[in-house]
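Here is the structure we will look at.
The values are calculated or read from the model by the stated rules, or taken from the named source; none is laboratory data. Remember, it's a predicted structure, so these values are computed and weren't measured experimentally. Note that each Cβ is placed from the backbone with ideal geometry, even for glycine, and that neighbours are counted across all protein chains shown.
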Amino acid sequence: MFIYNITTKVDPSVHEAWVAWMKQTHIPDVMHSDCFSDFQFVRLLELDDSDGPTYAVQYRAESIANYNRYLEIHANKLRNDSLVQWGNKVIGFRSLMQVVH
């Protein structure tokens, strides 16, 4: 099992609209790629939120092939959609993790 994690710092001026967009548009679009079996959308706590809250979305991929398929086919369009919608009001970084049993 692999976890594709995107951690995002959100400007306070777009916070509520961004959360709604994530729930209603972006996360469903990622899940419709059929590359991930599940996701979790969380807010990071115990951080200084004075410059905006921080969130993470963790998508679970059953195989590295599914993750690679997402990158090859879907990632560029979905990343561009976010850039067009929010510009520099959201700043994120991505990481891939493997679940250790």
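State all residues of segment 4-55 that are modelled with pLDDT under 95 and within 19 Å of Lys77 (Cα to Cα); if no residue qualifies, say none.
none
Consider segment 41-56. How many of its residues are at positive phi and either polar (S, T, N, Q) or surrounded by 14 or more Cβ atoms within 10 Å (Cβ to Cβ) (or both)?
Count: 1.
What's the number of the condition Phe93 fails, among (1) in a strand (DSSP E or B); (2) loosely packed, with under 13 Cβ neighbours inside 10 Å; (3) out of contact with any Ser or Thr (no Cβ under 7 Å at 6 or more places or on another chain); (4) not basic (Lys, Arg)?
Looking at each condition in turn, Phe93 falls short on (3).
Any idea which residue in segment 57-66 is nearest to the chain's Cα centre (by Cα), counting only those that are crowded, with 16+ Cβ neighbours inside 10 Å and over 14 Å from Val99 (Cα atoms)?
Val57
Do you know which residues across segment 67-90 are surrounded by 13 or more Cβ atoms within 10 Å (Cβ to Cβ), more than 15 Å from Met22 (Cβ to Cβ) and of a type in the set (D, E, K, R)?
Matches in segment 67-90: Arg69 only.
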